[in-house]
Amino acid sequence: MKKLLVTGGAGFIGANFVHYWLNKYQEDKVIVLDALTYAGNMENLHLVQGNDNFTFIKGDICDQALVESLMLEHSIDTIVHFAAESHVDRSITGPDAFIETNILGTYSLLKAAKKCWLDVESGSVEHRFHHVSTDEVYGTLSADDPAFSEETAYAPNSPYSASKAASDHLVRAYHHTYGLNVTTSNCSNNYGPYHFPEKLIPLVITNILHNKELPIYGDGMQIRDWLYVEDHAYGIDLVLNKGRVGENYNIGGNNEWANINIVKEVCKLVESEFAKAPELAARFPEAVAAINANTESLITYVKDRPGHDRRYAIDATKTRDELGYEPQESFETGIAKTVTWYLNNESWWKAVMDGSYQDWVEKQYK
Ligand code: NAD
Ligand code: TYD
């Protein structure tokens, strides 16, 4: 039986991971530590509220004393570290929070883990610090380059990816210098339920429903490798249970799409849902484009993101060969499930789109 401290468990991937874990490992204890920034939402965890093996603590990963007290109180043996500032565009307009949480927060967690597991317990606890990272640390690819492997040199281009790269290096150093049992996974772009609607796929779905423009940065030919979020949780599960300490594992979907094509695909799917279920037109009367089956007319090319990475692609051969990893969800089924989830969960995305988030979005495009 494991006792997990999951940082950032109220965010998109963290919440999906907590659902996955408590469903699969029903004896394990999960303690979520989350500061509930704009991106963290207790609603994301409503399915596990009331589960005796689930505890939620509101707090900051930079608070080392808090982390140490939680580790001791709950006899934590596993940390799964998701907490981060995660949106590239925000890292361009305001990098401070990224340095604070992604670098200093990870450093603070590592210090707490070293103190509780190595200094106080003298290394007697069978422990694991799993760090959740991104393919963005590897930089950008051109069309003909081979996909990123674990051997690809780090070359981060945005304040977000640079802050994640810095945290990856700290995690590595705590293994090599102090013997902390660490693993790191570098995953490609995720999509699925509870994805905050500032990111491409949920932004496009919710904008269609509000009859708003679908902003495409630059020429829209940038490529991302999309993975259904539960397949990320599954990959982390394999790394935790079978991965070798001190190693990095790439997780990806082998599913490259140019942004413009993925946006068109989502337009088609929303239209087909409206065609199948006439009650959607009554529920979303603003979705004029979807109702008139002309959704792509909302596509609007806007100024490019500064320093925009052209292409990401993951080579997950090591994770497949060593851990037996294969994504379980096809893109076709995953994206259809995702569109359906947003159509069925209007109250969730309306709530998270309130207030400060909306002001920020308006400023970007005006
Ligand atoms: P998210 O922005 O949806 O969630 C981040 C969570 O961390 C939120 O709940 C937020 O409240 C919490 N948090 C932020 N600062 C905190 C702090 N100082 N202390 C405690 N909690 C804090 O992010 P996400 O998309 O779920 O990403 C989770 C992790 O996965 C990140 O580390 C990210 O770099 C990594 N990742 C994301 C993707 C992706 O496609 N979204 C892909 C690969 C890796
Ligand atoms: P995003 O979801 O922000 O993830 P990341 O930058 O981490 O890959 O963006 C995915 C891609 O979509 C990226 O190339 C930027 C592009 N994009 C747009 O073209 N328009 C948008 O409104 C957003 C949010 C992103």
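The values are calculated or read from the model by the stated rules, or taken from the named source; none is laboratory data. Computed from a predicted structure; not experimentally measured. Cβ placement follows ideal geometry from the backbone for every residue including glycine, while neighbour counts extend to all protein chains displayed. Note: accessible area is taken over every heavy atom of the protein model, side chains too, but ligands, DNA and RNA are not part of it. Shrake-Rupley method; radii C 1.70, N 1.55, O 1.52, S 1.80 Å.
When the residues of the stretch 181-197 are narrowed to those that are under 18 Å from Phe82 (Cα atoms) and part of a loop (DSSP other than H, G, I, E, B), which ends up farthest from ligand 2 (Cβ to nearest atom)?
Just the residues of the stretch 181-197 that are under 18 Å from Phe82 (Cα atoms), to begin with: 181-196.
Now restrict to residues that are part of a loop (DSSP other than H, G, I, E, B): 181, 188-189, 192-196.
Values: Asn181: 29, Ser188: 9, Asn189: 5, Gly192: 13, Pro193: 15, Tyr194: 14, His195: 9, Phe196: 9 Å.
Among those that are under 18 Å from Phe82 (Cα atoms) and part of a loop (DSSP other than H, G, I, E, B), it is Asn181.
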Notebook entry, point to check: For the subset of the stretch 241-269 comprising residues that are in a helix (DSSP H, G or I) and closer than 30 Å to Arg128 by Cβ, which member is most open to solvent (accessible area, probe 1.4 Å)?
Noted result: Lys242
Next item on the list: Just name the residue that is farthest from Met1 (Cα to Cα) out of those in the stretch 67-122 that are surrounded by fewer than 17 Cβ atoms within 10 Å (Cβ to Cβ), in contact (Cβ under 8 Å) with a residue 12 or more places away in the chain and small (Gly, Ala, Ser).
Entry: Ala97
Notebook entry, point to check: Exactly one of (1) within 15 Å of Val182 (Cα to Cα); (2) surrounded by fewer than 19 Cβ atoms within 10 Å (Cβ to Cβ) is unmet by Ser167. Its number?
Noted result: (2)
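Is at least one residue of the stretch 203-223 within 11 Å of ligand 1 (Cβ to nearest atom), under 21 Å from the mean Cα position of the chain (by Cα) and part of a loop (DSSP other than H, G, I, E, B)? I'd like the intermediate steps shown before the answer.
Of the residues in the stretch 203-223, the ones within 11 Å of ligand 1 (Cβ to nearest atom) are none.
Among the residues of the stretch 203-223, not one is within 11 Å of ligand 1 (Cβ to nearest atom), under 21 Å from the mean Cα position of the chain (by Cα) and part of a loop (DSSP other than H, G, I, E, B), which makes the answer no.
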Next item on the list: Evaluate the stretch 303-319: report whether one residue or more is open to solvent by 40 Å² or more (accessible area, probe 1.4 Å), more than 23 Å from Glu256 (Cβ to Cβ), touching a residue at least 12 places away in the same chain (Cβ under 8 Å) and away from ligand 2 (no atom under 15 Å from the Cβ).
Entry: no
Notebook entry, point to check: Which of (1) away from ligand 1 (no atom under 14 Å from the Cβ); (2) of a type in the set (Gly, Ala, Ser); (3) at pLDDT 95 or above; (4) assigned to a helix (DSSP H, G or I) does Ala233 not meet, given it meets every other one?
Noted result: (1)
Item checked: Filtered residue count, the stretch 32-66, keeping only those that are out of contact with any Phe, Trp or Tyr (no Cβ under 8 Å at 6 or more places or on another chain), β-branched (Val, Ile, Thr) and either within 19 Å of Thr106 (Cβ to Cβ) or open to solvent by less than 30 Å² (accessible area, probe 1.4 Å) (or both) -> 3
